[in-house]
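Here is the structure we will look at, set down as C-alpha cells.
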Amino acid sequence: MSCLQTIADYGLRSIGIGERLLPRSDFTLCQQFTLIGSGMIWNIYFGVMALAAGFFLATVLALGKGSRHRIARKPAEWFIFIFRGSPLFIQFFFAYFTFLSLKGVSPVFDPFTAAWLGALIVLFFNTSAYTGEIFHGALKSIPKGDLEAADAYGLSGWARFRRITFPTMLRLAWPAYTNEAIFLFHATTLVFFSGFPAWQQRGDALYYAKFFADKTFNPFVPYPILAFYFILLTLAVIALYGFANRYLNRHLPQEARRRLRIRLNLIR
Amino acid sequence: MFEFCTDPASLEGLSWLACYLTTGKHMAFYASFGTVLLLLAVILPTSLLFGFAGASAARSRFWPLSILGKTYSAIVRGVPDIAFFLFFVIALDQAFEYVRHRALCPDWSEPVRQGNDFVVCTAAKLPLSTSPAWMHDAYAFFLAVLTFAIVYGAFAAQVLYGAMRAVPRAQIETAEAYGMSHAQAFWRILVPQMWIYALPGLGNLWMIMVKATPLLFLLGIQDIVYWARDLGGTKQARFTDYPHGDWRMYYFGALLVFYLTLTWVSEKVLDRLTRRLSHGQATAAGEAMRRAGA
Amino acid sequence: MNKLILTAASLALVASTAMAQDVVRMGTEGAYPPWNYLDDDGNIAGFERDLGDELCARAELTCEWVVNDWDSIIPNLVSGNYDTIIAGMSITPERAEVIAFTQEYTPPDPSAYIALTDDVDLAGGVVAAQTGTIQAAFVADQGWTLVEFATPEETISAVRSGEADAVLADKSYLEPIAAEDDGLVLLAREEQIGGGVGMGLRQSDDELRETFDAVIGEMKCDGSLNALIEKWDVASTFGDC
C-alpha cells in the first residue's frame, strides 16, 4: 500500500472519516505519521476553541478580580485559585464524574460526557483561569499616566475601557498569554489519556501514539513523531501570536517594539 | 495497626474506618505524599542547574554552544511533557547502561541490541541485579528526577536567559569600568542580580512542576495518584478485608485538597521571597523599599 | 521410574543455572485481581504471586517482585529492567514477535460481557473496553460502537451509569464483580479471543525460559498448577498431561 493511499485512508480517521479499522500488523512509518497527524485535529480543535472562548471569560475574571466590590471579586478569585491550583488531571476526573451524574438528571446533559464538549469545557475553564490571572497582572501594571491621559480627554466608563484599558492590558499581557496558549495546546494531550473515553477509536495525537507504542512495543518511534508534530504546532502558535503582538504594538517606536519582543517571559 | 483490627468484617462505623485508614497500603499512600514533596524539593535545584547551564550556553560567545543551548530550550519547550515522560526513562536507562557497558566490559563480543532486546553485561546493569530492592527504588527516583530536570530545565533556561538580559546593561558596564574580566562580571554582578528578574518566571515554573507531579507514575514512581487510583477502585471481599465500592471521588478529593494547599503555601512563600529579593535591587520595588527605609 | 530420574536430572541442571542467574526479577502489574493485585498491606498477591513463588522455589531461584505499569511492561522487559513478565499476559503472535513466552500456565479462557440486564443488544448498543486490549480490538472488528477507557475500573462504572451497555473483558476479571454486585450480570455470550496466559521473557534469555518452562510443565503434571487455578478461580483447568 502506497503512502498516499494510507493518507487517504487514515488522514481523517480521528474524526471518523476513512477506514473503519485501525492497522493491525506491519506498521509502517507512513501509517504512524498519518494517524498521529490525524489525531492532531483534536488537539488543534480543543486548543483553538478553548482559547477563543477562554479569552472572553478571562477578561471578565481579570476585571472581577480587580474589582472593588466583594461580590465580584471573591468568585473570580476562587475560580482562578481552584483552576490554577489543581492539576488538570484531577479536574478532568471530577468533571467527567460530575457530567455523568448530571446526565441522570436531564437528557440535556447527554453530550457533556463526550470529550468534544465535556473536555472542552474543562479546558475552557482552565485556560480562562490562567489567562485571567495574566490579564489581572497586566491590568495592575497599566501605566498610571495612560489612565490620567484618558481622564484628561474626558473618557470614562466603557469608552475608557475599550479605548485605553483593554488594549493596554492586552499589549502588556501578550507575551505571557503566548506561553499560556502553548501550554494549553500541550495540555490537550491529557484529554483521552486520563480524562474522557475515546469513542470508536477516534482520539487525539497521543491516543494514536500510544496505540502504536502499544502495538509495536517500541516507544522510540511514535512519541518522537508526536513531539515533531507538537514542535510544528508550537512554532505556528508562536508565529500567529507574534503577528498579533506586532499589531498590538504597531504604534510604538521601533526601539520600544524590539524591547518588548525579547521580554517574552514564562508566566503561567 | 490497632489491636481490634484483627477481624475487620465484624467492625462498624468509626472503628472500621480507623482500621481501614491504617492498612499497610494506606501507609504507603501517606508516605507517597512525602515522596512527591521530596521529589519536588530535589527537582527544583536540579532543574535550576540544567536551566542555568542552558542559559549560560545560550549566552555563550562560542556559537556552537549558543546554538546548543537555544535548541535544547526551544525543542523541549515545544513538546508536551507527557510525551517525554512516556519514553525518556527507558531511553536514559539504556543510555547509562550502554556507557557503563562500553567502559566495564570491553571484551564483550555479543552485540548490545539482540533483535528487540537490549542486553548489556551483568556488571553494567543499573542497578546490579544483586542490589537490594531499595537500590532499585533509588535508581527509579533518580531517573524520575533527571527526566523532570531535563524537561523543566528547558523552561528554567528560558527564564534565566531572559533574566540575564534584563539586568541593566549599565551594571555590567560599570563592572567592566572597574576592570573586571568577562567571567568576573558574570559571576559577581550578573548572577547575583538576575534572580529578582527571574523570580516571577521561576515561581510560575514551580507551580507548573507541582501540577505535573500527577504524571510521576508514568516514570515508574508509585506516587499519590497511583495509590489514590488503587485504593479508590472498587474492592471485592475476595481480595481485601475492607470491601467497598468506587471511592475514587474521596481519594481524588483528598488529592485536590493537597494540591490546593500546596499552591496556597507556595504563593505565600513566593510573595515573601519577592519582597526579600527586591531589597537593594535596581528595580522600582527595590527603590521603593530603599525610600521607605530611609 | 525413568521419568523421575529425568526430572531429577533437569532439576540439577536448573540448579546450576540458578547460581549464575542470582536474582530473577519478576515484573507484574499489581492491578488485575485475581491474577495479580496489591493486598491490604500493599504486597503483591493473587494467583500469579502464588504461582511465581512456587515456580521460583522449584527452580531454586531467588526471585524478587517488581510492579510496573501495564503500558510499558514489555519495553521495560526488553530493556532489562526485570527478567520476566508474569502479569496475566495472553500469548499472542504480535507479542511473541518481540518477547519469548514460556508454555501457557492457564488454558485460553473466553472473554465475557457484563451488563445491567441480560438482553443487551451488543450490535446496536455501546460496548466498553479498556484502551489497547485485545477486547477493544475485537469490538472494533465487529463494527460495534466501541468506547475505550483508560482503566478497567472505569469501564465498569460506565455500565453502571448507563454510559455503555456492556463491558467486554476477561471472564476471570468480571466474574467476582458480577458475583458481588446484584445490579450487574454476565451475558451468556462469550468470545474466544486471545490465547493462554504465559510468562514473558527476553528472546535472548533462552536459559531462563527453559528453566521456567520445565517447572511449569512439572507443575502441570503433578496437579499443583490446577489446584492453584482452582484456588484463585482464574481460568479452566488443564487436562491430564
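Quantify, in whole percent, the carbon and sulfur part of the accessible surface of segment B:169-294 (1.4 Å probe; protein heavy atoms only).
Whole-percent figure for carbon plus sulfur exposure: 61.
Residues of segment A:90-111 buried by at least 40 Å² of accessible area upon assembly of all protein chains, compared with the chain on its own (1.4 Å probe): A:Ile90, A:Phe93, A:Phe94, A:Phe97, A:Leu100. Summarising the overall dimensions of the protein assembly as shown from its C-alpha atoms, the Rg and Dmax are 29.2, 111 angstrom. Chain C packed on chain B takes about 2900 Å² of accessible surface away from a 1.4 Å probe, both sides summed.
Evaluated at q = 0.14 Å⁻¹, a Debye calculation over the C-alpha positions of chain A (equal weights, vacuum) places log10 I(q)/I(0) at -1.02. Leaving out ligands, DNA and RNA, calculate the buried accessible area for the pair B and A with a 1.4 Å probe, summed over both sides, in Å² to the nearest 100. So the total buried area for this chain pair works out to about 3500 Å². Span-like helix check, chain C: qualifying full DSSP H segments, with Cα axial length of 15 Å or more and mean Kyte-Doolittle of 0.0 or more, are C:2-21.
Evaluating kT/(6 pi eta Rh) at 25 °C and 0.890 mPa s, with the Kirkwood radius of chain C over Cα pairs in the Stokes-Einstein relation, gives 130 µm² s⁻¹.
Take B:Thr234, C:Thr106, C:Thr117 and sort them by solvent-accessible surface of the protein heavy atoms, 1.4 Å probe, largest at the top. Could the numbers behind the result be given before it?
Working: B:Thr234 40, C:Thr106 0, C:Thr117 70 Å².
Heavy-atom accessible area, descending, gives C:Thr117, B:Thr234, C:Thr106.
Couplings 3J(HN,Hα) for segment B:23-37, derived from phi with the Karplus relation 6.51 cos²θ - 1.76 cosθ + 1.60 (θ = phi - 60°), are 5, x, 5, 5, 4, 4, 4, 5, 5, 5, 4, x, 4, 5, 5 Hz, where x marks Gly and Pro.
Extending 7 Å from Cα along the Cβ direction at C:Asp53 and again at B:Ala103 yields two label points whose distance is 4.0 nm. GNM on chain C, alpha-carbon springs under 10 angstrom: the most fluctuating residue among C:Asp222, C:Asp182, C:Asp213 is C:Asp182.
A 1.4 Å probe run over the protein chains yields, for segment C:124-241, 37 Å² of accessible area per residue, whole-number rounding.
Considering only A:Ile164, C:Gly239, A:Phe46, the residue lying farthest towards the positive end of the dipole of the protein assembly as shown is A:Ile164, judged by Cα position with unit charges set on Cβ. In summary, the convex hull built on the alpha carbon positions of segment B:188-294 has an orientation-averaged projected area of 10.2 nm².
For segment C:111-191, relative contact order (Cα pairs under 8 Å, six or more residues apart, normalised by length) works out to 47 percent.
Each residue, B:Ala9 and A:Leu147, gets one label point 7 Å from its Cα in the Cβ direction; the gap between the two is 7.0 nm. Springs between Cα atoms under 10 Å define the GNM used for chain B, and in it the highest mean-square fluctuation of B:Val151, B:Val210, B:Val265 occurs at B:Val265.
So which trypsin sites (Lys or Arg not before Pro) in segment A:37-99 are both in a DSSP loop and have at most 10 other Cβ atoms within 10 Å of their Cβ?
Numbers: sites: A:Lys65, A:Arg68, A:Arg70, A:Arg73, A:Arg84; in loops: A:Arg68.
Here the sparse-neighbourhood loop sites are A:Arg68.
Going from the chain on its own to the full set of protein chains, segment B:110-125 has these residues losing 10 Å² or more of accessible surface (heavy atoms, 1.4 Å probe, no ligands, DNA or RNA): B:Gln114, B:Asn116, B:Asp117, B:Phe118, B:Val119, B:Lys125.
Spin-label model, A:Ile82/B:Thr174: points 7 Å from Cα along the beta carbon direction are separated by 4.9 nm. Can you give me the % of accessible surface on segment C:111-191 that is carbon or sulfur? Probe 1.4 Å, all protein chains present, nothing else counted. Ligands and nucleic acids excluded, carbon and sulfur reach 46 percent. For the residues A:Tyr207, A:Tyr247, A:Tyr153, a GNM of chain A with alpha-carbon springs under 10 Å puts the largest fluctuation on A:Tyr153. With all projection directions averaged, the alpha carbon convex hull of segment C:111-191 covers 4.5 nm².
Treat every Asp and Glu Cβ in the protein assembly as shown as -1 and every Lys and Arg Cβ as +1, leave all other atoms uncharged, and give the resulting dipole magnitude about the Cα centre to the nearest 20 debye. Please list the in-between numbers first.
Numbers: 62 positive and 76 negative charges, 1401 e Å.
Its charge dipole is roughly 6720 debye.
Across segment C:63-106, the residues whose backbone nitrogen lies under 17 Å from the label position 7 Å along the beta-carbon direction of C:Glu210 are C:100-103. Would you please give the FRET efficiency between C:Asp240 and B:Gln236, computed as 1/(1 + (r/R0)^6) with r the Cβ-Cβ distance and R0 = 45 Å, to the nearest 0.05? That pair, C:Asp240 with B:Gln236, gives E of 0.85.
Using the alpha-carbon positions of segment C:78-137, Rg (one decimal) and Dmax (whole number) come out as 15.9, 48 Å. Please enumerate, by chain and number, the lysines with C-alpha under 28 Å from the C-alpha of A:Lys74, excluding those fewer than 8 residues away in the same chain. Within the straight-line cut-off, A:Lys74 pairs with A:Lys65, A:Lys140, A:Lys144, B:Lys211, B:Lys268. Given a 1.4 Å probe and no ligands, DNA or RNA in the count, how much accessible surface is buried by A and C, both sides, to the nearest 100 Å²? Summing both sides, the interface buries roughly 1900 Å².
Computed in the context of the full set of protein chains, the accessible area of segment A:3-262 at 1.4 Å probe radius has 67% of its extent on carbon or sulfur. Across chain C, Cα pairs under 8 Å and at least six residues apart give a relative contact order of 26 percent. With a cut-off of 18 Å on the backbone N, the residues of segment B:195-228 near the modelled label site 7 Å out from B:Trp134 along Cα-Cβ are B:222. Solvent exposure of chain B, expressed per residue, is 48 Å² of accessible area, with all protein chains present and a 1.4 angstrom probe.
Might you report the magnitude of the Cβ-based charge dipole of segment C:111-191 about its Cα centre, with Lys and Arg at +1 and Asp and Glu at -1, to the nearest 20 debye? All intermediate terms of the calculation are to be shown ahead of the outcome.
Working: 3 positive and 16 negative charges, 31 e Å.
It comes to approximately 140 debye.
Quick one: helix A:29-65 against the long Cα principal axis of chain A, what's the angle to the nearest 10°, folded into 0 to 90? Taking Cα atoms only, the helix is inclined about 20 degrees. For segment B:1-110, a Kirkwood radius taken over Cα pairs fed into Stokes-Einstein (4 °C, viscosity 1.567 mPa s) yields D = 67 µm²/s. The accessible area of A:Trp78, taken with all protein chains in place and a 1.4 Å probe, comes to roughly 150 Å². In this calculation the C-beta distance from A:Glu19 to B:Phe62 is compared with R0 = 45 Å, giving a FRET efficiency of 0.30. Taking 20 Å² as the minimum loss, tell me which residues in segment A:199-216 lose that much accessible area going from the chain by itself to the full protein complex (1.4 Å probe). Residues shielded by partner chains are A:Trp199, A:Gln200, A:Gln201, A:Leu206, A:Tyr207, A:Lys210, A:Asp214, A:Lys215. Taking every alpha-carbon pair within segment B:10-293, the share separated by more than 36 Å comes to 36 percent. For segment A:172-230, just say rounded, prolate or oblate: build the C-alpha gyration tensor, square-root its eigenvalues into a ≥ b ≥ c, call rounded for a/c under 1.5, and beyond that prolate if a/b exceeds b/c, oblate if not. Oblate is the answer for segment A:172-230, as a/c is 1.5 or above yet b/c matches or exceeds a/b. Bridgeable lysines around C:Lys231 (alpha carbons under 26 Å apart, same-chain partners fewer than 8 residues away excluded): B:Lys25, B:Lys235, C:Lys171, C:Lys220.
Per residue, how much accessible surface does chain A expose to a 1.4 Å probe? Answer in Å², no decimals. Before the final figure, lay out the partial values.
Working: 12440 Å² over 268 residues.
Value for chain A: 46 Å² per residue.
The values are calculated or read from the model by the stated rules, or taken from the named source; none is laboratory data. Since the structure is predicted, the reported quantities are computational estimates derived from the model, not experimental observations. Glycine also receives a Cβ, built like all others from the backbone with ideal geometry; neighbour counts cover every protein chain displayed. Heads up: the accessible areas ignore ligands, DNA and RNA and are worked out on the full protein's heavy atoms, side chains in. Shrake-Rupley method; radii C 1.70, N 1.55, O 1.52, S 1.80 Å.
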